[in-house]
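Asks: Once you've had a glance at the structure underneath, I'll fire off some questions.
Where a number appears in this text, it was derived from the coordinates with a stated rule and is not lab data. None of the values given here were measured: they were computed from a predicted structure. As a convention, Cβ positions derive from the backbone with ideal geometry for all residues, glycine included, and neighbour counts pool all protein chains shown.
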Amino acid sequence: MARSRAVTTDAVGAVAVLSVLAVTALWTSNRGIQDLAGPSGGASSLGRLTGLLSADLLLIQVLLMARLPWVERGFGRDRLARWHRIAGFISVNLMLAHVLLVTLGYAGSVSRFGNELWSLLVDAPGILLAFASMLLLVLVAVTSIRAARRRLRYESWHLLHLYAYLGIGLAIPHQLWIGTDLTTSGVATAYWWTLYLAAAASIIVFRIGVPLARSAYHRLEVAEVVGEAPGVVSVHLRGHRLDRLPVRAGQFFLWRFLDGPGWSRAHPYSLSAAPRGDRLRITVKDLGAGSARVASLRPGTRALIEGPFGRLTGEAYGGGRVTMFGCGVGITPLRSLLEELPYAAGQATLVYRIRSDADIVFRDELRELASDRGIRVIYVPGPRAGDHSWLPSGEPRRDDVAAIQELVPDLRDHDLYICGPDSWAEAVRTAAITVGVPPSRIHAERFAW
């Protein structure tokens, strides 16, 4: 399984690189290099290249987040989201360079730039639509900057992000009507139509068709909602033939509960218990409007799902000793893994970071797992010390590495699972590598949007 995943990873990476090389080759074959002679021709030719590369990366972005199952399994959703974000920023910058360079090439001089831009907007076919496309994509890029995201609710950010699809659609007419690099060569036309159709088909099949079919078949609905801790509830769900749902402990779905206005916005929640043939369970902390409304769900409320997603599973676990580090609601997927993994008594350790004893989730269940399966549960209470440490504040006696060595002296021989806020998880990972845990035995997935 690990070998097939590596093959998939290499193949997808190679296809992405080849697509960029193919676009450059098509530009070259359409006199791209020859047209670089002269300031005006050079600006126009470079503008064509930046526009083509921008479009290519934009479509790669779409494919990265199209929920392609083999791509999700090969890379994990967290890595795909990071690459999607990076490709997006590069694509938008190339698009802006395309607008500036092409306009400058047509204008012939900087002094005529404004007049030429206005002339293109008014007279050139499809340019006004392309300009609207650019504004929408810039809006999506700006709201994806970390500082901007912190000021937005997840629901607002998600809604704004959907405008990227409209932006892509609005850009197509000008590419077909005046984009000579797409229409003068049969090879170029075939390449671009194939890429656009592949992106569209992926969205239709894997982001719409498969989730609707899976939701219709399994008919998931809320069975009960149970309080676990202040601001934390578990939702128990029942459905049809859940034994056929291809999900493992540690994975998550994107959930939409049909409970009224706002149902269309999906939220990622992990399974907090190993999946059963007749029941699933998720556990949700009140972190915003979407998660807060989960506490008020009524029995019988239908649920739509996308997924499963995530590589924080037992797939790479080969048996033997295992340690899990969870922080806050990050305990959720680890709780399900503690139930599913085939470790022997005394081989599992859970290190659970909490603010206070009142914030402990699954207290009774963890006590039962400790009794029945011999896991060692270590609570580490206290407020966060900041982004630089996984320990709570007020730990002057120990640093991150010394604390890990004290809690789990033989950690280098364990599989390590980590789930929690990004900076906290990275601090755990860094300390674990320092004490000798091989990166291949560290299993973590980032859930921050």
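Asks: Pulled fully out, how much extra length does the chain show between residue 165 and residue 29, if you take 0.36 nm times their separation in residues and subtract their Cα-Cα distance?
Replies: 46.0 nm
Asks: So how far apart, in nm, are the two label points at residue 142 and residue 212 if each is 7 Å from Cα heading toward Cβ?
Replies: 3.4
Asks: Ranked highest first by average number of other Cβ atoms within 10 Å, how do 120-131, 53-64 line up?
Replies: Numbers: 120-131: 16.0, 53-64: 22.7.
The densest-packed peptide leads the list: 53-64, 120-131.
Asks: Could you tell me the calculated FRET efficiency between residue 129 and residue 430, based on Cβ-Cβ distance and R0 = 45 angstrom, to the nearest 0.05?
Replies: Once the sixth-power term is evaluated, E becomes 0.40.
Asks: Can you work out ³J(HN,Hα) from phi for every residue in the stretch 325-339, in order, using Karplus 6.51 cos²θ - 1.76 cosθ + 1.60 and θ = phi - 60°, giving whole Hz and x for Gly and Pro?
Replies: Per-residue couplings from phi come out as 10, x, 10, x, 6, x, 5, 4, x, 5, 4, 5, 5, 4, 7 Hz.
Asks: Ordered by residue, what ³J(HN,Hα) values in Hz, to whole numbers, does the stretch 411-418 give under the Karplus form 6.51 cos²θ - 1.76 cosθ + 1.60, where θ = phi - 60° and Gly and Pro are x?
Replies: Computed from phi, the couplings for the stretch 411-418 are 4, 4, 9, 9, 7, 10, 10, 10 Hz.
Asks: Helix 39-64 versus the longest principal axis of the chain: what is the Cα-based angle in degrees, 0 to 90, to the nearest 10?
Replies: Helix 39-64 sits at roughly 30 degrees to that axis.
Asks: Counting Lys and Arg as +1 and Asp and Glu as -1, what is the net charge of the other residues whose Cβ lies under 12 Å from the Cβ of residue 67?
Replies: Net charge around residue 67: +2.
Asks: What shape does the chain take by its C-alpha gyration tensor, where a ≥ b ≥ c are the square roots of the eigenvalues and a/c under 1.5 counts as rounded, a/b above b/c as prolate, and the rest as oblate?
Replies: prolate
Asks: Rounded to the nearest 500 deg cm²/dmol, what is the calculated helix-only ellipticity per residue at 222 nm for the chain, with -39500 (n - 2.57) per DSSP H run of length n ≥ 4?
Replies: Mean residue ellipticity at 222 nm (helix-derived): -16000 deg cm²/dmol.
Asks: A further question on this structure: Could you tell me the distance between the Cα centroids of the stretch 335-385 and the stretch 79-113, to the nearest Å?
Replies: Centre-to-centre (Cα) distance: 50 Å.
Asks: What does the charge count around residue 146 come to, taking other residues whose C-beta lies under 11 Å from its C-beta (Lys +1, Arg +1, Asp -1, Glu -1)?
Replies: Summing Lys and Arg as +1 and Asp and Glu as -1 gives +3.
Asks: Taking neighbour Cβ counts within 10 Å as the exposure measure, how do 116, 224 sort from fewest upward?
Replies: Working: 116 17, 224 13.
Ascending Cβ contact count within 10 Å gives the list 224, 116.
Asks: Let me ask you something else. Based on alpha-carbon centroids, what's the gap between the stretch 246-285 and the stretch 179-236 in Å, whole number please?
Replies: What the calculation gives is 16 Å, centre to centre.
Asks: Here is a follow-up. So what's the stretch 2-208 giving for Rg/Rh, alpha carbon basis, Kirkwood Rh from the mean inverse pair distance?
Replies: 0.99
Asks: Which of the peptides 420-430, 320-330 is most tightly packed, and how do the rest follow, going by the mean number of other Cβ atoms within 10 Å of each residue? Present the calculation step by step, with values, prior to reporting the outcome.
Replies: Details: 420-430: 19.4, 320-330: 22.8.
Per-residue mean Cβ counts within 10 Å order the peptides as 320-330, 420-430.
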